[in-house]
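Trainee: Have a look at this one before I ask anything.
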Amino acid sequence: MTASFEKLGLKVGLEIHRQLDTKTKLFCDCKPKLFKEDPKIVFLRRLRPTQSELGQIDPAALFEFQKGVKMLYEANEEASCLVEMDEEPPHNLDREAVEIALTIALMMNAKPVDEIHVMRKAVIDGSNTTGFQRTCVVALSGELDLKGKHIPIQHVSLEEDAARRMEENGSIIHYRIDRLGIPLIEIATAPVICTPQETEEVALAIGRILRATGKVKRGLGTIRQDLNVSIQDGALIEIKGVQELRLVSRIVEFEVQRQLGLLKIRDELKERGASKDDVEEEIVDVSSVFEQTKCRVIRKVLNQDNRVLAVRLPKFAGLLGRELVHGMRLGSEMASIAHFWGRVGGLFHTDELPAYGITDEEVSQLRQCMNAEPQDAVVLVADARENATDALKAVIRRATEALGNIPEETRGANPDGTSRYLRPRPGAARMYPETDVPPIQLSNKHIEEMRACLPESAEEKMSRLMREYGLNMKLAKQILESKYVDLFRDVVEETTVHATVVAVTLTETLKALKRDGVEVDNVTDNQLKRLFGLVGSGHLTKEAIADVLTWLVEHKDAGVEDAIKNLELVVLSREELETVVARLIEDNKKLVEERRMDALGVLMGFIMKSFRGRVKVELVDEVLRKRLKENLSHT
Amino acid sequence: MAIVSTGGTIASRVDYRTGGVRPALTANDLYSVVPELSEIAQVNAEILFSLFSENITPKHWTKIAEAVAKHIENGVAGVVVAHGTDTMGYTAAALSFALHNLPVPVIIVGSQRSADRPSSDAALNLIGAVRASANAPFAEVVVAMHETVSDETVFFHRGTKVRKCHTSRRDTFKSINTSPIARLRNERFEMLIEDYHKRDSSQRIVLKPSFNEKVALIKSHPGLDSSVIEWYVKKGFKGVVLEGTGLGHVSKNCFPAIRNAVENDIIIAMTSQCIWGRLGMNVYNQGRDLLAIGVVQLEDMLPETALVKLMWALGQTKHIRKARKLLTTNISNEISPRTQAEETA
């Protein structure tokens, strides 16, 4: 397969965005923290497409504006101030974020710029209250060595994260501005990656470098990968927002197949003798065909006095419904495009009909109405006349494009590895200077000081963990990839708990609890330290750790001691255990007489059942064995 | 209707190559930035100057007043003045005193975010201003700006009672000690007060555009050196507005300098730096002493409005007694006879 990707001329460029773990946001002093409760502050805005320096207006942006799209922004007091509301000029660039970005840049051997200039990148979908995203290049021309292959890093940049899209209510889009302004590092590779597998490896390698700084955020939503994918004869497609690493190779593979499928459709259309001139811009009102329809979607639309409009796509029959890859079809591409340009819910096409309550009879009437030959396809949209017209105009454009080159698009990644149309690729001239923020000069001296004390690479750190703490490779790797590396070191150094026990607890135990729905992220480092302290001093058994953690998550603000008390996990003293064992032997006299030393296992079971987490197994074994022997020798 | 442009954020575009700012308020520029305007009114745009509003002087007020009056005499439905927001309140007061018997509204408009930013407040403010100049029922000098931080409603503030109260927010302008006179929501005007000067095209505008610049505004503060007041007297100033503390006080140290100024036929007027509220100079001895010296107390007039008004009064007459009389006469609603609770802060 690798060879065939190379033959196809696959070229992938990777853009990795990751939130930095700073104390404040990039251009103000707000906490980089998301909120879940209802917003305290809401305000309504419109964004107007403005002419860029070159006098160009982004057509997609203009269109959205003309449709009267408004943004309802939601905020709380902790995570947003007037800066995110675009009610106050940005403050100076956050120095902590700059330092982290520089560290990362130097670890990739990139050359820091002399002066950091903040730019504005036009983003008019409402995800930025200003209508632009602030971004700045920190370093250029880095490199990454991937199994001997040289991967150039084009630039390392800092940007502000965008607002979170919450919902869409008609023409009002809800955005939450808590995320807006969180510093993001952006790392862009040259488009030299040749296979899906290699794409994933590069993403992994960059991820390891980022984590080595200990200054990047972790978890879902903190990392977003954009992929630029092209094949020979295909198009440059930008796929945005891949949140999971394991999807990267799949997305590249699917995109290659999508493009190959589209090229095949183009060739087939040519074979059928289709030409761009045949695609007519004739949109027909076919509502009368559906007067008695059982199709619920169309019924509802017609009841609201809206219309069913249709277009004929000559010689497209069978091609709209053909699967390109994994459920992606030309028909579904058209549906996404229709949704974008017409804000319609979806469309029907004859390749998938009769279905959805639309009958055979209706389909043939429709075909008749549209003068459709058997080789032709018909696409219909049921909505308000204006929306349906916009949607079908977009469908006609897409059909025309199907006869030529694959259109360049910005697509969004889906969780199953497929992607969907987001918008046309924006023009190149989207950047202009952010005049409100002064440039930052980087002195050579400062850069050299930083270069002298870069963090350990992931590989160095791992071998040190194995060497110094006797961890096996799997555990060392897990600890390294968790957020507890520093805590692990502190606990091992401050307590007598065995390093392996600490490592297993911080990785596997926590992971298992999380899987069971226990929000272990809410347990603080201090609570974990205290917990290990008590295990080390023998006040708590390691078997009880999971129970204590669960209790702590359920009881916010409580301490480890409270947990032990409430769970009755106070460790049995030797004397207490002796008494318990004596009584147990007394109560099970018959059993002991019959089974003699073999009764040990059963009795052990009784004790562990009652006192699990309160006593060490080794101690129970010792006491029980001793008492049994004494008992048997008496009789 | 006519738009007279004086400069400021609303009327300019940044040239990103040079970093310079150029005026951009020809009618075509306006239509290209805010296409909706063409549906509301036929706009006649005049670029009077291209100044950041901190560089506007009383001489510019005179020119603006004359330009506005000329458009009104030509029979427009209303005049919009595009202006930087920093000193917009001063110009609004100046036009309120200079333009009498208005047949149509004069709407001063600005923006807090430049018009070449997608999130600019300029569009809504301009639409509001143009709509008001074309259709509003009132015929007064007002400032049209965002009511809140949302792009939803526009407030119309009386020119003599309006103040820029925030460095950067869209809703920076507030009506002080009174209610805004109207709100525009979508295409509808909502009058917020009953007593206003109504649009009436049969009225003939009267222009009184002279201002005397020899007037100063001094803020009272702990440690204020009374020689500051003496300096103005020596320099031939004709009037000083004091921005006193609280109900209208200045330190006792300044009394001799104030007495000397009054004896030299200089008008000394008192306002309060509290911004909200009315003077009460009979409450404490020191207030009564200042009145006895001859300080003119200006009720709930804004200090900035008082400065403009004293400049205007001294521009109308050379007689100190007449100027004093003008200063305390309510010319353009700069003095509210009563203040309701919800209008206070």
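The values are calculated or read from the model by the stated rules, or taken from the named source; none is laboratory data. Just so you know, these numbers come straight off a predicted model, no measurement behind them. In this analysis, Cβ positions are derived from the backbone assuming ideal geometry, glycine residues included, and neighbour counts consider all displayed protein chains.
Trainee: Identify the single condition in (1) closer than 21 Å to B:Q42 by Cα; (2) in contact (Cβ under 8 Å) with a residue 60 or more places away in the chain that B:T178 does not satisfy, given that it satisfies every other one.
Mentor: So B:T178 meets the others, but not (1).
Trainee: Among the numbered criteria (1) among the small types (G, A, S); (2) under 20 Å from B:S50 (Cβ atoms); (3) more than 16 Å from the chain's Cα centre (by Cα); (4) more than 14 Å from every other protein chain (Cβ to nearest Cβ), which one does B:A115 miss?
Mentor: Evaluating B:A115 over (1) among the small types (G, A, S); (2) under 20 Å from B:S50 (Cβ atoms); (3) more than 16 Å from the chain's Cα centre (by Cα); (4) more than 14 Å from every other protein chain (Cβ to nearest Cβ) leaves (4) as the failure.
Trainee: Can you run down the residue pairs with Cβ atoms below 9 Å, 6 or more apart or on separate chains, where the first is in the stretch A:122-135 and more than 7 Å from chain B (Cβ to nearest Cβ) and free of Cβ contacts under 8 Å to residues at least 40 places away in the same chain and the partner is acidic (D, E) and outside any loop (DSSP other than H, G, I, E, B)?
Mentor: Short answer, once both residue conditions are applied: A:Q133/A:E159; A:Q133/A:E160.
Residues checked against (1) surrounded by 21 or more Cβ atoms within 10 Å (Cβ to Cβ); (2) in contact (Cβ under 8 Å) with a residue 40 or more places away in the chain:
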site	(1), (2)
A:E333	yes, yes
A:A338	yes, yes
A:V344	yes, yes
A:H349	yes, no
A:L353	no, no
A:D360	no, no
A:V363	no, no
A:M370	yes, yes
A:A377	yes, yes
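Trainee: With respect to A:A476, determine if the residue is under 20 Å from A:L210 (Cα atoms) and either among the small types (G, A, S) or exposed (fewer than 13 other Cβ atoms within 10 Å of the Cβ) (or both).
Mentor: Considered against the rule, which asks whether it is under 20 Å from A:L210 (Cα atoms) and either among the small types (G, A, S) or exposed (fewer than 13 other Cβ atoms within 10 Å of the Cβ) (or both), A:A476 comes out as yes.
Trainee: Name, by its number, the condition in (1) within 14 Å of chain A (Cβ to nearest Cβ); (2) under 24 Å from B:E54 (Cβ atoms); (3) in contact (Cβ under 8 Å) with a residue 12 or more places away in the chain that does not hold for B:P209.
Mentor: Among (1) within 14 Å of chain A (Cβ to nearest Cβ); (2) under 24 Å from B:E54 (Cβ atoms); (3) in contact (Cβ under 8 Å) with a residue 12 or more places away in the chain, the lone unmet condition for B:P209 is (1).
Trainee: Pairs please, first residue from the stretch B:265-285 and in a strand (DSSP E or B), second anywhere and among the small types (G, A, S) and surrounded by 14 or more Cβ atoms within 10 Å (Cβ to Cβ), Cβ atoms under 6 Å, 6+ apart in sequence or on different chains.
Mentor: Filtered contacts from the stretch B:265-285: B:I267/B:G239; B:I268/B:A261; B:A269/B:A306; B:M270/B:G244; B:M270/B:G248; B:T271/B:A306; B:S272/B:G244; B:S272/B:G248.
Trainee: Okay, next question. Would you say A:E88 is within 12 Å of chain B (Cβ to nearest Cβ) and buried (at least 21 other Cβ atoms within 10 Å of the Cβ)?
Mentor: no
Trainee: Considering only the stretch A:438-455, state which residues are closer than 19 Å to A:V137 by Cβ and either within 14 Å of chain B (Cβ to nearest Cβ) or free of Cβ contacts under 8 Å to residues at least 12 places away in the same chain (or both).
Mentor: Correct list: A:P438, A:P439, A:S443, A:N444, A:H446.
Trainee: Sticking with this structure for a sec: Take the conditions within 25 Å of B:V34 (Cα to Cα), crowded, with 24+ Cβ neighbours inside 10 Å and either touching a Ser or Thr at 6+ places or on another chain (Cβ under 9 Å) or free of Cβ contacts under 8 Å to residues at least 24 places away in the same chain (or both) and apply them to B:R170. Does it pass?
Mentor: yes
Trainee: State whether the residues of the stretch A:596-615 include one that is touching a residue at least 40 places away in the same chain (Cβ under 8 Å), among the β-branched types (V, I, T) and not assigned by TED's automatic domain parsing to the domain that holds A:A544.
Mentor: yes
Trainee: Of all residues in the stretch B:128-148, count the ones that are within 11 Å of chain A (Cβ to nearest Cβ) and touching a Leu at 6+ places or on another chain (Cβ under 7 Å).
Mentor: Looking only at that region, the number is 1.
Trainee: Answer with yes or no whether A:M597 is surrounded by fewer than 16 Cβ atoms within 10 Å (Cβ to Cβ), among the aliphatic types (A, V, I, L, M) and more than 47 Å from the chain's Cα centre (by Cα).
Mentor: yes
Trainee: For A:D278, only one of the following conditions fails: (1) free of Cβ contacts under 8 Å to residues at least 40 places away in the same chain; (2) within 19 Å of the chain's Cα centre (by Cα). What is its number?
Mentor: The failed condition is (2).
Trainee: If you take the residues of the stretch A:482-521 that are in contact with a Lys or Arg (Cβ under 7 Å, 6 or more places away or on another chain) and either of a type in the set (D, E, K, R) or closer than 20 Å to A:A558 by Cα (or both), which of them is modelled with the highest pLDDT?
Mentor: Only one residue fits best here, namely A:D490.
Trainee: Checking A:V192 against (1) away from chain B (no Cβ under 14 Å); (2) surrounded by 20 or more Cβ atoms within 10 Å (Cβ to Cβ); (3) of a type in the set (V, I, T), which single condition isn't satisfied?
Mentor: Evaluating A:V192 over (1) away from chain B (no Cβ under 14 Å); (2) surrounded by 20 or more Cβ atoms within 10 Å (Cβ to Cβ); (3) of a type in the set (V, I, T) leaves (2) as the failure.
Trainee: Next up: Do the conditions hold for B:A122, that is, is it in contact with a helix residue (DSSP H, G or I) (Cβ under 6 Å, 6 or more places away or on another chain), within 14 Å of chain A (Cβ to nearest Cβ) and closer than 16 Å to B:D86 by Cα?
Mentor: yes
Trainee: What number of residues within the stretch A:619-635 satisfy the criterion of being part of a helix (DSSP H, G or I) and modelled with pLDDT under 80?
Mentor: Total meeting the criteria: 4.
Trainee: While we're on this one: Of the residues A:E575, A:E568, which is part of a helix (DSSP H, G or I), more than 16 Å from A:V497 (Cα to Cα) and over 37 Å from the mean Cα position of the chain (by Cα)?
Mentor: Only one candidate qualifies: A:E575.
Trainee: Pull up the stretch B:130-157, narrow it to residues that are under 30 Å from A:L82 (Cα atoms) and of a type in the set (G, A, S), then point me to the one that is surrounded by the fewest Cβ atoms within 10 Å (Cβ to Cβ).
Mentor: Result: B:S150.
Trainee: While we're looking at this one, here's another question. Looking at the stretch A:103-121, which of the residues that are closer than 30 Å to A:R46 by Cβ and of a type in the set (A, V, I, L, M) is nearest to the other protein chains (Cβ to nearest Cβ)?
Mentor: Of everything passing the filter in the stretch A:103-121, A:M119 is nearest to the other protein chains (Cβ to nearest Cβ).
Trainee: Could you tell me which numbered condition A:V615 fails, if it satisfies all but one of (1) closer than 18 Å to A:G538 by Cβ; (2) surrounded by fewer than 14 Cβ atoms within 10 Å (Cβ to Cβ)?
Mentor: (2)
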